[in-house]
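**Student:** Please see the structure below; I have some questions.
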Amino acid sequence: QQQQQQQHCGTLLSTGYDEMMRTHDWAKRLNSSGEVRTPTDFGTPICSAFASNSYCMVGFTSGKISIYKKRDWSVQHVLAGHDGGVSAIAVHPTGKMALSGGDKDGKLKLW
């Protein structure tokens, strides 16, 4: 199983080919503090980045980027993303901008 992990304020997000995202809370020493199944048409989650203490961005093999609210892991917004998948996401420390890299299209997008 492929895993991409990001750490922010004691929280770790683990993703894999089973199309599940698992959260881990290191501050509370919880190995698994929750699981979220990704929407079926999004594909496999490949990369993630925390946008603040409240949000997380996840890139998928479909090329879509989903913004989740950390409190309940509900989808807040879906960005069109890239052709052929998202290979990387980085969020500016202010949480107001993000940069994503496309797997097949080779493009960088500023959000």
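**Student:** Would you look at the GNM of the chain, springs on alpha carbons closer than 10 Å, and say which of H82, H92, H24 moves the most?
**Tutor:** H92
**Student:** Using a 7 Å offset from the Cα along the Cα-to-Cβ direction at both M20 and K107, what is the distance between the two label points in nm, to one decimal?
**Tutor:** Modelled inter-label distance: 3.4 nm.
**Student:** In whole percent, and with a 1.4 Å probe on the protein chains, what portion of the accessible area of the chain is carbon and sulfur?
**Tutor:** 49 percent
**Student:** Still on this structure, I have one more. Give me the extension gain from D72 to A88: residue separation times 0.36 nm, minus the current Cα-Cα distance, reported in nm with one decimal.
**Tutor:** Computed gain between D72 and A88 is 3.4 nm.
**Student:** Averaged per residue, what accessible surface does the chain expose to a 1.4 Å probe, in Å²?
**Tutor:** 56 Å²
**Student:** Then there's this: What Kirkwood Rh does the range 62-111 have if only Cα atoms enter the pairwise 1/r average? Answer in Å.
**Tutor:** One over the average 1/r among Cα pairs gives 11.3 Å for the range 62-111.
**Student:** State, in angstrom, two size descriptors of the chain derived from its alpha carbons: Rg to one decimal place and Dmax to the nearest whole number.
**Tutor:** Just the Cα atoms of the chain yield Rg and Dmax of 12.9, 40 Å.
The values are calculated or read from the model by the stated rules, or taken from the named source; none is laboratory data. Nothing here was measured: the structure is a model prediction, and the numbers come from that model. No Cβ is skipped: glycine too gets one built from the backbone with ideal geometry, and neighbour counts run over all protein chains shown. Note: accessible area is taken over every heavy atom of the protein model, side chains too, but ligands, DNA and RNA are not part of it. Shrake-Rupley method; radii C 1.70, N 1.55, O 1.52, S 1.80 Å.
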